[in-house]
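Bear in mind that the values in this text are calculations on the coordinates, not laboratory data. Model, not experiment: these values are computed from the prediction. Note that each Cβ is placed from the backbone with ideal geometry, even for glycine, and that neighbours are counted across all protein chains shown.
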Amino acid sequence: MNESDLLDIFRDINEIKHKEREGWIDMGIEQPRDTIASHTFGATIIGWILSEKEEFDTEKVIKMLLLHDLIMAYIPGYTPEDEEFDSKKELEEERLKKLVEDVPDTVEQEFEELLA
């Protein structure tokens, strides 16, 4: 892992601020449409509140939500009705492999533990 790798992941994170969610586009929703980052923000706040209410590990819940959306931001928005849906898990695993190449070893280990 070097500085260039970190810049790659930071660019990816920055890019999702502007990337619209595919489901909104596919359904023909008019702009302004939800972006991946706005979805992630809302899901994370909800996760935080609910994890506190249910006495879950809030830090873990928040990290899981953030990591999940970072992975899903680069995978087509397949639904169970799509023929390609079965390959979605493989695409998620490929994206995780790419992500862990670009982060420090301690973060890589935590990513893998969060998704275990």
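The table for this structure:
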{"read-out": "Lysines whose Cα lies under 16 Å from that of Lys89, excluding same-chain neighbours fewer than 8 positions away", "value": "Lys97, Lys98"}
{"read-out": "Sparsely packed GluC sites (Glu not before Pro) within segment 9-95, loop by DSSP, other Cβ within 10 Å at most 11", "value": "Glu30, Glu54, Glu55, Glu81"}
{"read-out": "Inter-label distance for Met64 and Asn14, nm, one decimal - labels placed 7 Å from Cα along Cα-to-Cβ", "value": "3.1 nm"}
{"read-out": "The chain - charge dipole about Cα centre, Lys and Arg +1 at Cβ, Asp and Glu -1, debye rounded to 20", "value": "460 debye"}
{"read-out": "Tail beyond 16 Å, pair distance distribution of segment 39-116 (Cα, percent)", "value": "57 percent"}
